[in-house]
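Q: Quick one: the structure is below, and I'll ask about it shortly.
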Amino acid sequence: MFDLAVAGLEHVFVPANLLFLFIGVFAGIVFGALPGLTATMGLALLVPFTFTMAPTAGLIMLAGIYVGAMYGDAVPAILINTPGTPAAIATSFDGFPLSQKGMAQHGLVAAAVASSFGSLVANIVLLTAAPPLAAASLKFGPPEYFWLGVFGLTIIATLSTGSVLKGFLAGALGLLLSTIGMAPIGGDVRLTFGHPEMQAGIELIVALIGFFCLPEILGSVIGKRQAKYSSENAKPELSVVWEVMRDLFKKPVLMFRSAFIGTVVGFAPGAGGNIASMVSYNEACRWDKNPEEFGKGTIKGVAASEAANSAMAPGSLVPLLTLGIPGSPPAAVILGALMLHGMRPGGELFTVHGQVVYAFMMALLVAAFFVTIIGCFGSFVFSRIINIPSRFLAPVIIFMTVLGSYAIRNNMLDVWIMLIFGVVGFISNKLKFHPAPIVLGLILGPFVEEGLVQSMLAGHATGSVVHYMVFRPISIVLITLSLLSALWPIYASWKHKRKQRREGCACNIEEGVKNA
């Protein structure tokens, strides 16, 4: 294996291949940064260009696109509160507040460094432990996906900065929205209101643009909040790059934990970076000494999200390369590219086409370094965007949101849905309802519904639904994590009140001594 890895690295450092890799990373960042253009779309559009290339060069370029897109989605999330892809939802929670403080460059550099770190850790795992992880991924069945969705829903308590009740109400609304369209099991058509176009359900990118981006635009135009898009303090400096790097390297537990979560979620087929980033953000907030900093602009939140969603990318390739099971939509496109070049994933892939496969995996590793370079230098350009007055920037952003919403399915109905969600998001912000739980419910709804229905059908066939859903090793672990996650806010609240009482008693004693 070591010899093949070295040979693969030599292929990557061939000047032409290295150029293709750099072009792929840059193109991936562009696709990730534009709302509506995802890593999946970028890979699908550029796969035909690899037909005339050698298999090694073509796969190296695709590796660059995949890794680049995992960072690119953080750029609009940080600058204009619009996640470029669903995987960057959690990035916007602290990234955009950093921009509002005039610290956009801090957020962009943190995203680049964390993305590279997460990708590096996951690639090392991919190179060394792919077979056992692939075997573990086969253990995921309908009950595991159901409990994974339930575990994700418990994160709502963390995302609810104000009232937990409001958070769960918003999450319930998201679950209701996820049922629109054709049922995954049975094919029943629900809540389409006579529009055949809605049978495919609500497109997640459309919901993201509506709930996250448009409310900020409306707040800027209606409320004349110029500071949302302009800050005199937002002057990019080279010292910021070193400052952020030093700060993140002083937090190895945060970085490794986030990368580990992203890798584990990645090798569960179909889970995706949106779940990885949410779970990682939740755990970072839960175990931090100052959880109140999250959601108000801290690079720890950005790093937790980006390290996890970038680690998910190589993690999703574990079941793909070893078993032929794509762990994410972009991995499915790479599966198609492999087969078009005459390579069938599985055992023979590593024996017959070992050099090409290891060149692809080493390209993922090298691409992580390119992300750091492009991201850090690009932060000097990107961070200046918020200095543009909102009267100029808002029309451009509105045009991009409309174009991005339409481009996903070439459907004008998606544009209207995006506009409706924008108005709903604006009103919900005024009522202190954060849009994150709504989007989380929309993401996890299909996981929960499909896992529950399939589990019930399989449970009836085996004789006991409860035994089938509960008494499985991975299910037991996920149920335990769900209970801990749900009860943690109660424990944290009790601990906080106890600390306040102690401080109050100490103050009273001190005041009594002074009076005496």
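The values are calculated or read from the model by the stated rules, or taken from the named source; none is laboratory data. Bear in mind that the values here come from a model prediction, so they are computed numbers and not experimental data. Cβ placement follows ideal geometry from the backbone for every residue including glycine, while neighbour counts extend to all protein chains displayed. Surface areas here come from the heavy atoms of the whole protein model, side chains and all, with no ligands, DNA or RNA. Shrake-Rupley method; radii C 1.70, N 1.55, O 1.52, S 1.80 Å.
Q: Return the FRET efficiency for the residue pair Val253, His467: r is the Cβ-Cβ distance, R0 is 41 Å, and the value is rounded to the nearest 0.05.
A: 0.65
Q: Something else: In a shell of Cβ-Cβ distance under 15 Å around Met278, excluding Met278 itself, what net charge do Lys and Arg (+1) and Asp and Glu (-1) give?
A: With Lys, Arg at +1 and Asp, Glu at -1, the neighbours total -2.
Q: Explain nothing, just the number: relative contact order of the chain, from Cα pairs under 8 Å at least 6 residues apart, as a whole percent.
A: Relative contact order comes out at 28 percent.
Q: Expressed as a rounded percentage, what relative contact order does the stretch 1-127 have, with Cα pairs under 8 Å and six or more residues apart?
A: 23
Q: Greater than 29 Å separation of Cα atoms is the criterion. Which listed pairs, Lys139/Lys289; Lys432/Lys495; Lys101/Lys166; Lys296/Lys430, meet it?
A: Check vs 29 Å cut-off fails for Lys139/Lys289.
Q: Hey, another quick one. How big is the accessible area of Ser455 in square angstrom, nearest 10, if you roll a 1.4 angstrom probe over the protein chains?
A: Answer for Ser455: close to 0 Å² accessible.
Q: Same structure again: Counting Lys +1, Arg +1, Asp -1, Glu -1, what net charge surrounds Arg472 among other residues with beta carbon under 12 Å of its beta carbon?
A: So the surrounding residues net to 0.
Q: If ligands, DNA and RNA are left out, what is the accessible area of Ile80 with a 1.4 Å probe, given in Å² to the nearest 10?
A: Number for this one is 20 Å².
Q: Of the accessible area of the chain, with the probe set at 1.4 angstrom, what percent is carbon plus sulfur?
A: Answer for the chain: carbon and sulfur cover 71 percent of the accessible area.
Q: Further, regarding this structure: If we restrict to alpha carbons, what Rg and Dmax does the chain come to, in Å?
A: 23.1, 89
Q: Where the Cα atoms of the stretch 377-431 are projected onto their three principal axes, how long is each span, largest first, in whole Å?
A: 37, 33, 20
Q: Using the Cα centre of the chain as the reference point, and only Cβ charges (+1 on K/R, -1 on D/E), how large is the resulting charge dipole? Debye, rounded to the nearest 20.
A: The dipole magnitude comes to about 1420 debye.
Q: If you don't mind, another one. Hey, if you put +1 on the Cβ of every Lys and Arg and -1 on every Asp and Glu Cβ in the chain, which of Leu364, Phe31, Ala172 ends up farthest toward the positive end of that dipole?
A: Ala172
Q: Tally Lys and Arg at +1 and Asp and Glu at -1 over the other residues with C-beta under 15 Å from the C-beta of Asn410: what net charge comes out?
A: Net charge around Asn410: -2.
Q: Run lengths n ≥ 4 of DSSP H only: what is the helix-derived mean residue ellipticity at 222 nm for the chain, with -39500 (n - 2.57) per run over all residues, to the nearest 500?
A: Theoretical 222 nm ellipticity from helices: -24500 deg cm²/dmol.
Q: Please sort 6-13, 193-200, 434-441, 355-362 by packing, taking for each peptide the average over its residues of neighbouring beta carbons within 10 angstrom, highest first.
A: Final packing ranking: 434-441, 355-362, 6-13, 193-200.
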